[in-house]
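To keep things clear, I will list the structure first and then write my remarks on it.
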Amino acid sequence: SGDEAAESTAKSAGKSGDEAAESAAKSAGKSGDEAAESTAKSAGKSGDEAAESAAKSAGKSGDEAAESAAKSAGKSGDEAAEAAGKQAGGTGDEAADAAGKAGQEVGDQAEATVKENLKDFDKLPEAQKEKLIQSQQGYDDYVEAAGNKGKNLVEKVQNGEPISTEDLLNMKSDPGAMRRFKDVKELADLPEAEARRVQTAFNEAIDEKIYKPTYGEVQTHIKGNLDEAALKAKYGDDIQIDVTVETIRTPGKEYHSWDINTDNDIHSVLTIKDKNGNILEVREIPRSEWEDVYFKSYSKNTGMVDGAGNFNVNLAKERYPDVEWDKMANDADRCKAWAELHEEAPTDVFHPEAARDFSTEKTAILNGKAPEEAAAAVAKRGEGTLLDAEQLAGMETYKIGRYWNEGSVKSQTEALEQLGKLGSQTKGLEQGYSNMGYKIEPMPPKMEEALEVVKNRSLAPETRAARLQELGFDGPADLANKLGSRIHSLRIAQK
C-alpha cells in the first residue's frame, strides 16, 4: 500500500514517511535502477545531506524537488512516496526494495575498498571497522560531488553561459573540487584544447570579477601610505615606484593561462627603480599593513560586504551555517574568515606558510639582492643549496597540520594532497643534493610505501591514515614531520 511503501522507503534511508516522499520524488524521471541508486546514496547520511544528494540527481534543490513531486502526484506525505515510486518504474515497495539492494551494494563497495587496502582490517574492533567503512563511503560521495562541481562549470562554458561569482566561490570553497578541475581533461573527458579553454575561462573570470579589483584596492591603499618624499630624498626625484600584489606559485614550474591554482597565497612587493629601470630596492610590504584591506575588498568583490561597508552576516550563515559568525568580534574578523574559507592567504616573509627558498623577492628582502630563480628550484636541479632548509620544512608541515586538524573530509583530503607534494619536494631536493655530491641517506622503503598510500586518491583520509599506522607511522602528521626532518637535515649535509 502507499503507507507501507513510504514506510519501507523511509526505513532504508532512516527517514520519516514525508522525508521518504521527498527522497523518492527526487528520483522521478529515472529508471528503476537509477532511482534506487540515487536513493541508496542517501543511505547512511544525515537527513539534510540525503536530501541534497538526492536532489542533485534530479537537478533541483531539495524544496523544489519535493514540491514538484507533490504537485505532480496531487498528494502529500505517504501518497507522494507511492506515486514517486511508481514513476521510478515500480510500486512503492518495489522501489524501496531496489533502493535497499543498491544501498547494500554501495556499502559493500566501500567495505571491499577498505579491506583490500588494510592488511590488519580483520583484527580491528567492530566499531572501528564500521567507522572506516562509513568514512570510505562518505569520501566516495564527496569525491563525486567535487567532480560534479567541475563538470557543471564545463557545461556552462560549453553552453556559452558566463561564469558567475557564485560559480567561482562554489569551486574556491572546496580544494577537492579545484584539484579535480586541474585535471578537467580526464574529469569531463575533454580534448586537451577544450580542457584548456574551459580552465582559461575560469581563470579569466576569477581575475576580472575578484582578483583585479581586490588587488587594485590593496595597491591603492599601500601607495597612499608610502612616504614618497623619504624615498625621493634617498634615491632622487626621478625614481620609479612600483607596488605589486601577486600570487605566489611553486618555483621551478612554467605557468600558463589555463593552469589552475588551488589556493591563493599572495604578497605585496615594493620595487624602486632609477630612471633607466635599474632596481635600487626591493622590499616586501608587511602583511599587517594591508591584509585587512585585502580581506574586506575580497569580501566586497564576492558580494559579502554592502555599499555601506557592512558584512552580510545572514548570507554568510546561509552559506556556512557551521561557522560561528555571531561570535566574531567585528566585521574585520568576519571578512578574514570569509576569505580564508575560500583559501585566500595574504603572506609575507614571516608568515608560517611562506619560505624564502620559494621566492626570489624574499631572498632580496633578507639579503639585499634578488637571485634570478628561487633557491628551491635551483637546488632540485643540483645547481645550488637551500637558503633556509629549516624554514622550508616548517612551512610544509605547518600547512599539512592545519588542514588535517580541521577534521572534515574536505580539509583532510587537502592535507593529504599537501603531504604528497611534500614527499615529492623532499625526494626532488635530496636528488638534487645527491647530484652535487652530498651524502644523502636513501629514503626508507616504508616511507616510500607510505607516500604511495598518501597519493592513492581512491582511499578516504581515514583509510590512508590507518594504513600509515600499519606501516609504523602515527598518522599523516608523523609522516610529515619525518619528511620535514629530512629537508631540515640538508643544511648539515656533507660531501
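The values are calculated or read from the model by the stated rules, or taken from the named source; none is laboratory data. All values reported here derive from a predicted model rather than from experimental measurement. Neighbour counts run over all protein chains shown; Cβ positions are idealised from the backbone, glycine included.
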Just to verify a result, which residue in the stretch 356-389, among those that are among the small types (Gly, Ala, Ser), at pLDDT below 80 and buried (at least 19 other Cβ atoms within 10 Å of the Cβ), is nearest to LYS296 (Cα to Cα)? SER359
What are the residues in the stretch 204-218 that are out of contact with any helix residue (DSSP H, G or I) (no Cβ under 6 Å at 6 or more places or on another chain) and surrounded by fewer than 18 Cβ atoms within 10 Å (Cβ to Cβ), if any? GLU204, ASP207, GLU208, LYS212, GLY216
So is ALA480 within 21 Å of LEU124 (Cα to Cα), at pLDDT 95 or above, not in a loop (DSSP other than H, G, I, E, B) and not acidic (Asp, Glu) or not? no
Going by the structure shown, is GLY401 assigned to a helix (DSSP H, G or I), closer than 28 Å to ARG464 by Cβ and either touching a residue at least 40 places away in the same chain (Cβ under 8 Å) or in contact with a strand residue (DSSP E or B) (Cβ under 7 Å, 6 or more places away or on another chain) (or both)? yes
All positions within the stretch 461-477 that are in a helix (DSSP H, G or I) and not acidic (Asp, Glu): PRO461, THR463, ARG464, ALA465, ALA466, ARG467, LEU468, GLN469, PRO476, ALA477
If you check ALA329, ALA339, ALA308, ALA345, which single one turns out to be surrounded by fewer than 17 Cβ atoms within 10 Å (Cβ to Cβ), under 21 Å from HIS221 (Cα atoms) and small (Gly, Ala, Ser)? ALA308
Could you check how many residues of the stretch 404-440 are over 29 Å from GLU462 (Cβ atoms), in a helix (DSSP H, G or I) and not hydrophobic (A, V, I, L, M, F, W, C)? 6
Being under 26 Å from THR244 (Cα atoms) and either polar (S, T, N, Q) or modelled with pLDDT under 90 (or both) is the requirement here; does PRO352 meet it? yes
Kindly provide the set of residues from the stretch 314-326 that are assigned to a helix (DSSP H, G or I) and surrounded by 15 or more Cβ atoms within 10 Å (Cβ to Cβ), ordered by number. ALA316, ARG319, TRP325
Restricting attention to the stretch 219-238, which residues are farther than 13 Å from ARG283 by Cβ and out of contact with any helix residue (DSSP H, G or I) (no Cβ under 6 Å at 6 or more places or on another chain)? GLN219, THR220, LYS223, GLY224, ASN225, GLU228, ALA229, LYS232, ALA233, GLY236, ASP237, ASP238
Answer residue from the stretch 483-495, given it is part of a helix (DSSP H, G or I) and out of contact with any helix residue (DSSP H, G or I) (no Cβ under 6 Å at 6 or more places or on another chain) and is farthest from GLU417 (Cα to Cα) among those: ILE492
Among residues of the stretch 187-209, those that are in a helix (DSSP H, G or I) and more than 18 Å from the chain's Cα centre (by Cα), counted: 14
Can you spot a residue in the stretch 220-227 that is among the acidic types (Asp, Glu) and surrounded by fewer than 16 Cβ atoms within 10 Å (Cβ to Cβ)? yes
